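The structure under discussion appears below in the form of structure tokens.
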Amino acid sequence: MPFHFLDFPSARDDLLVDVLAGLTARTKSIPPKYFYDEAGCRLFEAICRQPEYALCRTEQALMASRLGDIAAAIGEVDCIIEPGAGDCRKVRGLLDVLKPAQLAIMDIAGNTLSTAGRKLADDYPAVAVTAIGMDFIHDLEAAASHLSSGRRLVYYPGSSIGNFSPADVAGLLERFRKLAGNDGLLLIGFDLKKDPELLHRAYNDAAGFTAAFNLNLLVRLNRELGADFDLSRFRHYAFYHPAEGRIEMHLVSLADQLVHVSGQGVHFDLGETLHTENSYKFSCDEFRLIAKTADWSLRGEWEKDGFAVQLYG
Ligand code: AVI
């Protein structure tokens, strides 16, 4: 079946602007979407294999064991849309049972997406695969003209929704609603609130892959923006904040230092933090209430070992 790769290059242009805006703000931060260069994608895959980080494995096991029920609750769909598809591994089970005519996958990491999308098209010859290299946060609506008509399912697994602030979650779910259409569906997976000690360990794995993933952001800025971050002068620091219901990831400066990014000087105090990611954890009820504000009604809910998948229509 045909495989189309479309490149919407706006994401690359934003890196310098976003990074300088984040580094010159009162509290320094960089959007977590910039973790995912090729090395970052590989490191994230390694994180998913760590014993402490059960999120991906649990979702996979949940989807595999409840696939029949989930497919029955979904019914017939013509098009599956997966924003932030990454290596496209998660959607395979749904393709097996739902057999849609089209799969539209989107990711900011265009190279990873195009390789994975091509492989999917080979393995599922009856499905037309459209891969769009884009930052869907900015450009989701632009993808609409590349989607076939018919009933649509937006698939957003992996607790990626947890990397958005609560206010942005509602906005994104509204945009998914518009893209899916009135008869469309949303299947979404998210990590549940649980023992903070378990969460702490998941983001501080003993083998150090999460630390390497966090620090790789600086490697990327050194390479792509001509920055001169000294990695030995920053420490990965991640902790669970129960009142906010989120893991916070930071890179903490181990020295009073001046760093240059694209020729611009950025000063870090000793102990100053660069906030790189929030990873929100939800309860099923909490998520249902947020989804309701975006006009989604619950159609099904499956839970396993601290992870949930919900179906909305
Ligand atoms: C992609 N996202 C859901 C992961 C998470 O758990 O927030 C990214 C990650 N960050 C550190 N470890 C994994």
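The values are calculated or read from the model by the stated rules, or taken from the named source; none is laboratory data. The structure presented is a predicted model; accordingly, all values stated were derived computationally and were not measured. All Cβ positions, even for glycine, are placed from backbone atoms using ideal geometry, and neighbour counts span all protein chains on display.
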| message | Going residue by residue through the stretch 205-222, is there one that turns out to be among the hydrophobic types (A, V, I, L, M, F, W, C), out of contact with any helix residue (DSSP H, G or I) (no Cβ under 7 Å at 6 or more places or on another chain) and under 22 Å from Gly306 (Cα atoms)? | response | yes
| task | For the stretch 121-137, state whether one or more residues are crowded, with 20+ Cβ neighbours inside 10 Å, farther than 22 Å from Val19 by Cα and within 16 Å of the ligand (Cβ to nearest atom). | result | no
| note | Pairs returned, first residue in the stretch 45-60 that is within 15 Å of Ser160 (Cβ to Cβ) and in a loop (DSSP other than H, G, I, E, B), second residue that is among the hydrophobic types (A, V, I, L, M, F, W, C) and within 12 Å of the ligand (Cβ to nearest atom), beta-carbon separation under 6 angstrom, 6 or more apart or interchain, are Tyr53/Ile47; Tyr53/Ala202
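Taking the stretch 290-306 only, how many residues are within 21 Å of the chain's Cα centre (by Cα) and farther than 16 Å from Phe176 by Cβ? Before the answer, list the steps.
Initially, the stretch 290-306 is screened for residues within 21 Å of the chain's Cα centre (by Cα), giving 290-291, 294, 296, 301-306.
Imposing the further condition that a residue be farther than 16 Å from Phe176 by Cβ reduces the set to 301-306.
Looking only at that region, the number is 6.
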| request: Go through Leu215, Leu199 for me and flag whichever is surrounded by fewer than 22 Cβ atoms within 10 Å (Cβ to Cβ), within 16 Å of the ligand (Cβ to nearest atom) and closer than 19 Å to Ala46 by Cα. | output: Leu215
| message | Please verify whether Asp205 is within 12 Å of the ligand (Cβ to nearest atom), farther than 24 Å from Gln264 by Cβ and within 16 Å of the chain's Cα centre (by Cα), treating the condition exactly as stated. | response | no
| remark: Subset of the stretch 252-283, residues in contact with a Leu (Cβ under 7 Å, 6 or more places away or on another chain), over 21 Å from His200 (Cβ atoms) and touching a residue at least 60 places away in the same chain (Cβ under 8 Å), comes to Val261, Ser262, Gln264, Val266
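Can you confirm whether the stretch 248-255 contains a residue that is crowded, with 18+ Cβ neighbours inside 10 Å and more than 18 Å from the chain's Cα centre (by Cα)? I'd like the intermediate steps shown before the answer.
Going through the stretch 248-255, the residues crowded, with 18+ Cβ neighbours inside 10 Å turn out to be 249-251, 253.
In the following step, the residues that additionally are more than 18 Å from the chain's Cα centre (by Cα) were identified as 251, 253.
Checking the stretch 248-255: at least one residue is crowded, with 18+ Cβ neighbours inside 10 Å and more than 18 Å from the chain's Cα centre (by Cα).
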| Out of Ala72, Ala101, Ala64, Ala128, which single residue is over 20 Å from the mean Cα position of the chain (by Cα), without any contact (Cβ under 8 Å) to a residue 24 or more places away in the chain and over 24 Å from Ala170 (Cα atoms)? | Ala72
| said: Please go through the stretch 110-123 and give me each residue that is out of contact with any Pro (no Cβ under 8 Å at 6 or more places or on another chain), farther than 18 Å from Ala142 by Cβ and among the aliphatic types (A, V, I, L, M), ordered by number. | reply: Ala116, Leu120
| query | With respect to the numbered conditions (1) more than 10 Å from the ligand (Cβ to nearest atom); (2) farther than 17 Å from Thr273 by Cβ, which one is the sole condition not fulfilled by Gly22? | reply | (2)
| said: Tell me yes or no: at least one residue of the stretch 4-19 is within 21 Å of the chain's Cα centre (by Cα), within 16 Å of the ligand (Cβ to nearest atom), surrounded by 15 or more Cβ atoms within 10 Å (Cβ to Cβ) and not in a helix (DSSP H, G or I). | reply: no
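Among the helices (runs of 4 or more DSSP H) lying completely within the stretch 95-202, list those that include at least 3 residues that are within 27 Å of Ile247 (Cα to Cα).
Numbers: elements: 110-123, 136-139, 166-180, 196-202.
Ranges flagged: 136-139, 166-180, 196-202.
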| field | Where Leu258 falls short, out of the listed (1) in contact with a strand residue (DSSP E or B) (Cβ under 6 Å, 6 or more places away or on another chain); (2) in a loop (DSSP other than H, G, I, E, B); (3) surrounded by fewer than 14 Cβ atoms within 10 Å (Cβ to Cβ) | value | (2)
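Could you please give the count of residues in the stretch 270-285 that are over 24 Å from Thr210 (Cα atoms) and in a loop (DSSP other than H, G, I, E, B)?
Taking the stretch 270-285 as the starting set, the residues that turn out to be over 24 Å from Thr210 (Cα atoms) are 283-285.
Remaining after also requiring in a loop (DSSP other than H, G, I, E, B): 283.
Total satisfying the criteria: 1.
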| So which of Lys292, Lys281, Lys304 is at pLDDT 95 or above, within 16 Å of the ligand (Cβ to nearest atom) and surrounded by 14 or more Cβ atoms within 10 Å (Cβ to Cβ)? | Lys281
| field | Given (1) of a type outside the set (Val, Ile, Thr); (2) in contact with a helix residue (DSSP H, G or I) (Cβ under 7 Å, 6 or more places away or on another chain); (3) within 30 Å of Gln60 (Cα to Cα); (4) within 16 Å of the ligand (Cβ to nearest atom), number of the condition Gly245 does not satisfy | value | (2)
